[in-house]
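Engineer: Quick one: the structure is below, and I'll ask about it shortly.
The values are calculated or read from the model by the stated rules, or taken from the named source; none is laboratory data. Everything numeric in this text was worked out from a predicted model, so none of it was measured. Don't worry about glycine lacking a Cβ; one is built from the backbone with ideal geometry, like all the others, and counts go over all protein chains shown. Quick note on the areas: whole protein, heavy atoms, side chains included, nothing else; ligands and nucleic acids left out. Shrake-Rupley method; radii C 1.70, N 1.55, O 1.52, S 1.80 Å.
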Amino acid sequence: MNHIALAPCWLAQLAHEFEQPYMQQLKAFLQAEKAAGKVILPKGSNWFAAFNATPFDEVKVVILGQDPYPTPGHAHGLCFSVQPTVHPLPKSLLNINKELYSDCGVDNRHTGYLMPWATQGVLLLNAVLTVEAGQANSHQGKGWEQFTDAAIKALNARQAHIVFVLWGSYAQKKGAHIDSSKHTIIRNVHPSPLSAHRGFFGSKPFSQINTALSAHHQQPIDWQLPKD
């Protein structure tokens, strides 16, 4: 694990985390998994991709995921996002696109590559930044949660308003670190096929995000993804 791979603006906030015992233990765990021949996703250069795509001072929205897609070729470091060549899209992402269309009339069925959101200030952050190929949730409880907690605490301490989107109970635990008097928190069930019908559909999160941004004199997000 190379902390130098983390953008300087984020490293200024999180450098001390790399010296903590939990991070040393996480590094040892990942090295042991590699030594055992296990495939870790995404590739190492993408572990901090969410941070590097959305500079600390430019974060306007945080969408929290759980852990990377365990299917090889899918995950690239942004939660819910997949590589541009991936089709069909993962089911959770299909449900996100379905709700986006219902909410805002935006049709993104052609792609699951969410980088254009990230470059507008949407931090697409998983709570856990790695996973063993084919084994969902396999790196939970190994230390990444403490690191991403530190990132959320740093964002919470900023003066500028941020919209935090917490889908599912796993993400909502992170809400304990967010000051709702300063930031907007949008909570709902996860877009997974197992739960989306219990309230995700019809929740209109995307218009809620843009309404909150506009209310704080911030530029709304253009949710439409390019078709070329």
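Engineer: Kindly establish whether ALA176 is within 18 Å of the chain's Cα centre (by Cα) and within 30 Å of ALA28 (Cβ to Cβ). Before the answer, list the steps.
Structural biologist: Numbers: within 18 Å of the chain's Cα centre (by Cα): yes; within 30 Å of ALA28 (Cβ to Cβ): yes.
The answer is yes for ALA176.
Engineer: Continuing with the same structure: So, in the range 199-224, exactly how many residues are more than 20 Å from the chain's Cα centre (by Cα) and among the β-branched types (Val, Ile, Thr)?
Structural biologist: Result for the range 199-224: 1.
Engineer: Further, regarding this structure: Inspect the range 140-156 for any residue being under 24 Å from PRO220 (Cβ atoms) and free of Cβ contacts under 8 Å to residues at least 60 places away in the same chain and give the result as yes or no.
Structural biologist: Yes, the conditions are met somewhere in the range 140-156.
Engineer: Could you tell me which residue of the range 116-137 is nearest to GLN208 (Cα to Cα), considering only residues that are crowded, with 20+ Cβ neighbours inside 10 Å and of a type in the set (Gly, Ala, Ser)? Write out each step before concluding.
Structural biologist: Quick first cut of the range 116-137, residues crowded, with 20+ Cβ neighbours inside 10 Å only: 117-118, 121-131.
Subset that is of a type in the set (Gly, Ala, Ser): 118, 121, 127.
Details: ALA118: 18, GLY121: 16, ALA127: 23 Å.
The selected residue is GLY121.
Engineer: Could you check LEU11 against (1) out of contact with any helix residue (DSSP H, G or I) (no Cβ under 7 Å at 6 or more places or on another chain); (2) open to solvent by 20 Å² or more (accessible area, probe 1.4 Å) and say which number it fails?
Structural biologist: Here LEU11 meets the rest and fails (1).
Engineer: Considering each residue of the range 99-111, count those that are under 11 Å from LEU225 (Cβ atoms) and in a helix (DSSP H, G or I), and give that number. Before you say what the answer is, go through the steps one by one.
Structural biologist: Keep residues of the range 99-111 that are under 11 Å from LEU225 (Cβ atoms), which gives 100, 106-111.
Checking which are in a helix (DSSP H, G or I) leaves us with 100.
Looking only at that region, the number is 1.
Engineer: Which residue pairs have Cβ atoms closer than 7 Å, lie 6 or more positions apart in sequence or on different chains, and pair a first residue in the range 84-104 that is over 18 Å from MET115 (Cα atoms) with a second residue that is surrounded by 16 or more Cβ atoms within 10 Å (Cβ to Cβ) and basic (Lys, Arg)?
Structural biologist: What qualifies is ASP103/LYS204.
Engineer: Give all pairs with beta carbons closer than 6 Å in which a residue from the range 184-213 that is on the phi > 0 side of the Ramachandran plot and among the basic types (Lys, Arg) meets a residue that is crowded, with 16+ Cβ neighbours inside 10 Å and at pLDDT 95 or above; count only pairs at least 6 apart in sequence or on separate chains.
Structural biologist: LYS204/ASP103
Engineer: Just one of (1) crowded, with 18+ Cβ neighbours inside 10 Å; (2) closer than 12 Å to THR130 by Cβ; (3) in contact (Cβ under 8 Å) with a residue 40 or more places away in the chain; (4) out of contact with any helix residue (DSSP H, G or I) (no Cβ under 6 Å at 6 or more places or on another chain) trips up PHE29, so point out which.
Structural biologist: (1)
Engineer: Please go through (1) closer than 20 Å to LYS204 by Cα; (2) out of contact with any Phe, Trp or Tyr (no Cβ under 8 Å at 6 or more places or on another chain) for LEU114 and return the number of the only condition it doesn't satisfy.
Structural biologist: Failed condition: (2).
Engineer: Can you tell me how many residues within the range 57-72 are at pLDDT 95 or above and either among the acidic types (Asp, Glu) or part of a loop (DSSP other than H, G, I, E, B) (or both)? Lay out the reasoning, then the answer.
Structural biologist: Let us first name the residues in the range 57-72 that are at pLDDT 95 or above, namely 57-64, 68-72.
Subset that is either among the acidic types (Asp, Glu) or part of a loop (DSSP other than H, G, I, E, B) (or both): 57-60, 68-72.
Total satisfying the criteria: 9.
Engineer: Scanning for something touching a helix residue (DSSP H, G or I) at 6+ places or on another chain (Cβ under 6 Å) and assigned to a helix (DSSP H, G or I), does the range 86-98 turn up at least one residue? Break it down into steps so the answer makes sense when it comes.
Structural biologist: Going residue by residue through the range 86-98, those that are touching a helix residue (DSSP H, G or I) at 6+ places or on another chain (Cβ under 6 Å) are 95.
Right, trim to assigned to a helix (DSSP H, G or I) and you get 95.
Within the range 86-98, one or more residues are touching a helix residue (DSSP H, G or I) at 6+ places or on another chain (Cβ under 6 Å) and assigned to a helix (DSSP H, G or I).
Engineer: If you scan the range 190-228, which residues turn out to be open to solvent by 40 Å² or more (accessible area, probe 1.4 Å), aliphatic (A, V, I, L, M) and within 20 Å of TYR170 (Cα to Cα)?
Structural biologist: LEU194
Engineer: Are any residues in the range 166-183 touching a residue at least 40 places away in the same chain (Cβ under 8 Å) and surrounded by fewer than 20 Cβ atoms within 10 Å (Cβ to Cβ), and if so, which ones? Can you show your working first?
Structural biologist: Residues of the range 166-183 that are touching a residue at least 40 places away in the same chain (Cβ under 8 Å), as a first pass: 166-168, 170-171, 174.
The one that is touching a residue at least 40 places away in the same chain (Cβ under 8 Å) and surrounded by fewer than 20 Cβ atoms within 10 Å (Cβ to Cβ): TYR170.
Engineer: Taking the range 97-115 as the region of interest, how many residues are open to solvent by 30 Å² or more (accessible area, probe 1.4 Å) and closer than 14 Å to GLY77 by Cα?
Structural biologist: Going residue by residue through the range 97-115, those that are open to solvent by 30 Å² or more (accessible area, probe 1.4 Å) are 98, 101-102, 104-105, 107, 109-110, 113, 115.
With the extra rule that they be closer than 14 Å to GLY77 by Cα, the set shrinks to 113, 115.
Of the residues in the range 97-115, 2 are open to solvent by 30 Å² or more (accessible area, probe 1.4 Å) and closer than 14 Å to GLY77 by Cα.
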